[in-house]
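Colleague: Here it is, the structure, as structure tokens.
The values are calculated or read from the model by the stated rules, or taken from the named source; none is laboratory data. Just so it is clear, the model here is predicted, and its values are computed rather than measured. Cβ placement follows ideal geometry from the backbone for every residue including glycine, while neighbour counts extend to all protein chains displayed.
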Amino acid sequence: MKTTDVVRTATRNAFRSKLRTTLTVLSLFVGAFTLTLTTGLGAGVNDYVERQVATLSTGDILLVSPAASTDTSDGPTEYDPDGRQQSGVANPLATGTLLNQDDIDTIADIDGISRVEAVSQIQVDWIARSSDASADRFELDVNPTSSIGRSDLTAGEQLDQDAAQAELVIPEEYVDALGFDSSDAAVGETVTLAYTDAEQADQLVDATIVGVARASLFAAGAGANAALVDEVSSAQAVAGQPRAWPIAVATVAGSGDDGSVTDADIAAVKADLVDADLAGQTVEDQLGIVQTVINGIIGVLSAFAVIALVAASFGIVNTLLMSVQERTREIGLMKAMGMSNGRVFGLFSLEAVIIGFLGSAIGALAAIGIGSAIAGAAQTILTDLPGLQLLLFDPVTVITVIGVIMLIAFVSGVLPARRAARQDPIESLRYE
């Protein structure tokens, strides 16, 4: 029997008992459907997180904060007038301890750091198209980590941290509110910001819009360059009180041949920071925690798919064992006519693979169809996360899922196929 004849016969034999085969295919369908959906969900969310990381950092940025206290002694900490100040409010970016000027100087002196910028939190009362009292005014939050680098822009350019004039990147939702026709039309225009200084007096500052940014999962509010932040933070600083900051942004100088920052560069700077009682994290370090949680959830969901596939594998074993028993005389006749044990084994193994292919392919296609519809509906709901494709189906991943399930089906069919191949042709022909 030729190979093509074996394939054709195996395909025909797989559907001898249509009900039994259909039930086995459906059990594989459930596993393939679930596994394809979970891998698509993981790929979609991780792709979004990675693109958000790319908008925040180019890999050469360290967020530096005071090292967490390791003092395990009982009682309150003794006051040190020359020590670090404590923040009066919880800060999601760092510990409750603030950096002082000595810390900033220490960071700047570390080999491998080319630039240090202390991150100041500024409070803006409102933003308006102009200082005219008739202009509509809107509340505005300024992202304290604007100096980390980049925004996910829809128009314009990134902030110039070395510019002498005040620059602003506004969120996309402010374009219509401020009366601009489009994001491109807003770029280059001047707006007025109002804030309250340390003496509780109202102050105004003009800033040029250089960019319009999409909403981001990891950064909210407007972006302000160093000139704008310095002007407002200096006015809001209490006279006579030493400056303190929750975190500093350190730029690492690359040692690569093309000036790129290597993992060794980051590790060396982190070690020097530890020696100075400071802690440094890259943006990737911080967002890696998010990805770990996401991957954990995806792993749990995928486990349910694996359980379904294990159950389906027993269904394949049962289906083929019954098929071998029902076709005992047929097997004896084939072997009596000269079919080798290997051909018999291949015939029944191929039946298992065909069943696995049908279940996995139908399940994967159904997951892609339903998942695409879910992803489209989710985009209308998750409007605060533009660019998020909830389910991302990579062809290579889908083919891998189908291949793995076909392999499981093949392994499940080994026992029945071996039993069929080992049957004695004389005894099989006598079987009633």
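Colleague: Restrict the check to the stretch 243-252 and report whether at least one residue is surrounded by 12 or more Cβ atoms within 10 Å (Cβ to Cβ) and without any contact (Cβ under 8 Å) to a residue 24 or more places away in the chain.
Modeller: Scanning the stretch 243-252, I find no residue that is surrounded by 12 or more Cβ atoms within 10 Å (Cβ to Cβ) and without any contact (Cβ under 8 Å) to a residue 24 or more places away in the chain, so the answer is no.
Colleague: How about the stretch 126-143: which of its residues are touching a residue at least 60 places away in the same chain (Cβ under 8 Å) and either in a loop (DSSP other than H, G, I, E, B) or among the β-branched types (V, I, T) (or both)?
Modeller: Residues satisfying the conditions are I127, R129, S130, S131, L140, D141, V142, N143.
Colleague: Hey, another quick one. Closer than 26 Å to E326 by Cβ, of a type in the set (A, V, I, L, M, F, W, C) and at pLDDT 75 or above: which single residue out of F29, F15, F33 fits that description?
Modeller: F29
Colleague: Do you know which residues across the stretch 368-383 are at pLDDT 90 or above and either in contact with a Leu (Cβ under 9 Å, 6 or more places away or on another chain) or surrounded by 16 or more Cβ atoms within 10 Å (Cβ to Cβ) (or both)?
Modeller: I368, I370
Colleague: Let me ask you something else. Mind listing whichever residues of the stretch 272-302 are loosely packed, with under 13 Cβ neighbours inside 10 Å and over 11 Å from the mean Cα position of the chain (by Cα)?
Modeller: Passing the criteria: V274, D275, G296, G299, V300.
Colleague: Right, next: Aliphatic (A, V, I, L, M) and surrounded by 21 or more Cβ atoms within 10 Å (Cβ to Cβ): which single residue out of L391, L365, L333 fits that description?
Modeller: Going through L391, L365, L333 in turn, the sole match is L391.
Colleague: Right, something else. In the stretch 146-159, how many are modelled with pLDDT of 90 or more and of a type in the set (D, E)?
Modeller: 1
Colleague: When you go through A164, A108 one by one, which is the residue that is within 27 Å of P242 (Cα to Cα), part of a loop (DSSP other than H, G, I, E, B) and modelled with pLDDT of 90 or more?
Modeller: When all the criteria are applied, what remains is A164.
Colleague: Can you pull out every residue in the stretch 216-233 that is crowded, with 16+ Cβ neighbours inside 10 Å, of a type in the set (G, A, S) and either at pLDDT below 85 or more than 20 Å from E173 (Cβ to Cβ) (or both)?
Modeller: Once the filter is applied, which keeps residues that are crowded, with 16+ Cβ neighbours inside 10 Å, of a type in the set (G, A, S) and either at pLDDT below 85 or more than 20 Å from E173 (Cβ to Cβ) (or both), the stretch 216-233 yields S216, A219, G221, A226, A227, S233.
Colleague: Could you please find all residues in the stretch 9-47 being assigned to a helix (DSSP H, G or I), touching a residue at least 12 places away in the same chain (Cβ under 8 Å) and among the basic types (K, R)? Please lay out each step first, then the result.
Modeller: Taking the stretch 9-47 and keeping what is assigned to a helix (DSSP H, G or I), we get 9-14, 18-47.
Checking the rest, the ones that are also touching a residue at least 12 places away in the same chain (Cβ under 8 Å) come to 9-11, 13-14, 20-21, 23-47.
Residue satisfying the conditions is R20 alone.
Colleague: Let me ask something else about it. Scan V210, V205 and give me the residue that is in a strand (DSSP E or B) and under 21 Å from V249 (Cβ atoms).
Modeller: Criteria check complete, one pass: V210.
Colleague: Confirm whether T400 is at pLDDT 80 or above, assigned to a helix (DSSP H, G or I) and within 34 Å of the chain's Cα centre (by Cα).
Modeller: In short, yes.
Colleague: As an exercise: evaluate D136 against (1) modelled with pLDDT of 90 or more; (2) out of contact with any Gly (no Cβ under 9 Å at 6 or more places or on another chain); (3) acidic (D, E) and give the number of the one condition it does not meet.
Modeller: Of (1) modelled with pLDDT of 90 or more; (2) out of contact with any Gly (no Cβ under 9 Å at 6 or more places or on another chain); (3) acidic (D, E), only one is false for D136: (2).
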